[in-house]
Structure formats: structure tokens, C-alpha cells
Amino acid sequence: MTKQPPPADGVRPRFTVFPAGTRLWRCCRSEYPATDFNKTEQHVLFGGSRFDGTTEDPYPYLYAARRPTTALAEVLLRSMDFDHDTGHRLVKWAQAGQYTLAEVVTGTDLTLVSLRTEEDLAAVCQTTWLLDSDDYPQTRYWAQEVRRQAEDAQGLLWLSRRHRPREALVLFGDRCGPEPLQAEVLACHDLATDEGVRVANRLLAPLRAVIVPERGLP
């Protein structure tokens with residue numbers, strides 16, 4: 001565990017580049033376009049997610065994944081227990097129906113700090129604590145410090161906590177240029193629809209998770 005303040009000048013990140021045309025998946029709120037960055041400035045001590053921008057470092061941010069299942073798991077399977085009777089993680093449709101699963105494409109080369117291996121984490125003076133901890137105010141502070149000490153970083157890349165060893169990422173909207181993602185999406189599945197739920201449940205099945213319609217299990 002590395003639950004400590006970042007060193008003042010100790011970050012030596014290892015980078016990876018996503019070339020323009022890289023396909024990514026998002027599970028995002030349906031009321032917003034899948035290519036939109038979140039501009040909400042989170043409180044430094046309360047609320048928010050792992051690497052959100054804050055009132056002290058107010059950058060727009062966008063979470064994505066390399067695979068559709070990872071995008072779903074990152075959003076829908078947080079703190080989700082397995083049901084005792086069915087042995088599955090049961091996601092209420094009322095929750096899932098707020099989201100859309102969409103495939104987007106990068107419009108430019110993006111340079112990300114890699115946090116995928118122990119060596120990557122050590123390069124920024126961290127361990128898997130940074131990726132597994134629920135102390136989000138502290139993980140946000142670490143992201144702020146990585147940004148400050150690595151000015152070329154346009155985002156972070158790590159292994160999903162909920163779909164290891166697949167990759168998840170966050171992009172820093174203030175560093176990605178005017179068109180980091182192409183305007184048109186390649187695929188779009190509204191989880192408020194029967195078709196969207198069928199797609200999502202097929203993807204989630206290997207994780208023993210299912211979106212349950214109001215009328216009960218399909």
C-alpha cells in the first residue's frame with residue numbers, strides 16, 4: 001500500500017501512445033453524447049470517482065475502455081455482490097437504463113501514462129493501491145500530481161479493477177486537443193431498450209452479471 005503524499009519531484013512515468021483511429025468503448029449517461037467530456041469539478045474531499053478533475057485542478061475528463069464488457073463492468077458492477085439465490089450479480093434496469101454503451105474512435109494520437117504493471121506504478125511512486133483504493137479524494141490528488149509532474153500526459157491507462165486484465169483509461173480534456181474523439185460513433189446501444197439490454201447481458205454473462213428488467217429475469 002502506498003497511501004502517502006506524492007513526492008515533490010519523483011514521478012517518472014512510462015508512456016504509451018494510442019494512435020489516431022483507436023477504437024474505445026464508453027458506458028455513459030444517455031443524455032450526453034458519447035464523445036462529451038465531463039466538466040463537473042469534484043470536491044477535493046467528497047464525491048466523484050477515481051481520477052476526476054477537481055476544484056483545485058479543474059480539467060474535463062472522459063472514462064473509456066478498450067473492450068465493451070470492461071466499459072459496462074466499470075460502471076454497472078461497482079460494489080455489486082453476487083445474489084445468494086441465483087449466483088449472479090443482478091443489475092436493476094432502472095439503474096442500467098440511464099446509460100448507453102457506445103464505441104468511439106480517437107481523432108488524434110494520445111499519450112497516456114501507463115499504470116498497467118508494477119514497474120509502471122513504481123515509476124510514479126505508486127502500487128496497486130492507486131487503482132484499488134476507494135479513497136477517491138486521495139487517488140484524485142495523486143492524478144493531479146501526475147499531471148503536474150508529467151506535462152505531456154493526456155490521460156492515464158490501467159487494468160480495470162472489475163474486468164482484469166483488460167484496460168481502462170481516463171482522458172484529460174484540457175490536454176487532448178480540439179478533437180480527441182471523432183464526432184460519429186461506430187456503435188450505440190441504449191440500455192433503456194430491450195435491444196440494448198440483450199447486447200449488454202450477452203457481454204456481461206461471463207462475469208455472472210445480468211441486467212434485470214422490471215418484469216423479472218428474462
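The values are calculated or read from the model by the stated rules, or taken from the named source; none is laboratory data. Since this is a predicted model, take the numbers as computed values, not measurements. Note: ideal-geometry Cβ built from the backbone for every residue, glycine included; neighbour counts use all protein chains shown.
Yes or no: region 106-119 includes at least one residue that is charged (D, E, K, R) and either surrounded by 20 or more Cβ atoms within 10 Å (Cβ to Cβ) or outside any loop (DSSP other than H, G, I, E, B) (or both).
yes
Pick out the one residue from Ala94, Ala71, Ala122 that is small (Gly, Ala, Ser) and within 17 Å of the chain's Cα centre (by Cα).
Just one listed residue meets the conditions, Ala71.
Find the residue count for region 154-211, including only residues that are part of a loop (DSSP other than H, G, I, E, B) and among the small types (Gly, Ala, Ser).
Total satisfying the criteria: 5.
Would you check if there is a residue in region 52-63 being among the acidic types (Asp, Glu), under 23 Å from Arg148 (Cβ atoms) and touching a strand residue (DSSP E or B) at 6+ places or on another chain (Cβ under 8 Å)?
Yes.
Here are some conditions: (1) surrounded by fewer than 21 Cβ atoms within 10 Å (Cβ to Cβ); (2) under 22 Å from Phe37 (Cα atoms). Trp158 meets all but one. Which one does it not meet?
It is condition (1) that Trp158 fails.
Return yes when Leu24 is closer than 30 Å to Pro178 by Cβ, under 13 Å from the mean Cα position of the chain (by Cα) and modelled with pLDDT of 95 or more and no when it is not.
Against the criterion (closer than 30 Å to Pro178 by Cβ, under 13 Å from the mean Cα position of the chain (by Cα) and modelled with pLDDT of 95 or more), Leu24 qualifies.
Return the residues of region 17-43 that are touching a Pro at 6+ places or on another chain (Cβ under 6 Å) and surrounded by 14 or more Cβ atoms within 10 Å (Cβ to Cβ); say none if nothing qualifies.
Listed by number, the residues that qualify are Trp25, Phe37, Glu41.
Taking region 52-87 as the search range and keeping residues that are over 24 Å from Gly97 (Cβ atoms), in contact with a Gly (Cβ under 9 Å, 6 or more places away or on another chain) and of a type outside the set (Val, Ile, Thr), which one is surrounded by the most Cβ atoms within 10 Å (Cβ to Cβ)?
Gly53
Considering each of Ala20, Ala94, Ala73, Ala64 in turn, give the residue that is closer than 25 Å to Pro165 by Cα, out of contact with any His (no Cβ under 8 Å at 6 or more places or on another chain), among the small types (Gly, Ala, Ser) and not in a loop (DSSP other than H, G, I, E, B).
That would be Ala64, the only listed residue that is closer than 25 Å to Pro165 by Cα, out of contact with any His (no Cβ under 8 Å at 6 or more places or on another chain), among the small types (Gly, Ala, Ser) and not in a loop (DSSP other than H, G, I, E, B).
Being under 30 Å from Trp93 (Cα atoms), in contact with a Gly (Cβ under 6 Å, 6 or more places away or on another chain) and touching a residue at least 40 places away in the same chain (Cβ under 8 Å) is true for just one of Ala192, Ala200, Ala183. Which residue is that?
After ruling out the rest, the residue left standing is Ala192.
Return the residues of region 37-58 that are of a type in the set (Val, Ile, Thr) and outside any loop (DSSP other than H, G, I, E, B); say none if nothing qualifies.
Thr54
Among Thr35, Thr2, Thr16, which is at pLDDT 95 or above and over 18 Å from Asp152 (Cβ atoms)?
Going through Thr35, Thr2, Thr16 in turn, just one is at pLDDT 95 or above and over 18 Å from Asp152 (Cβ atoms): Thr35.
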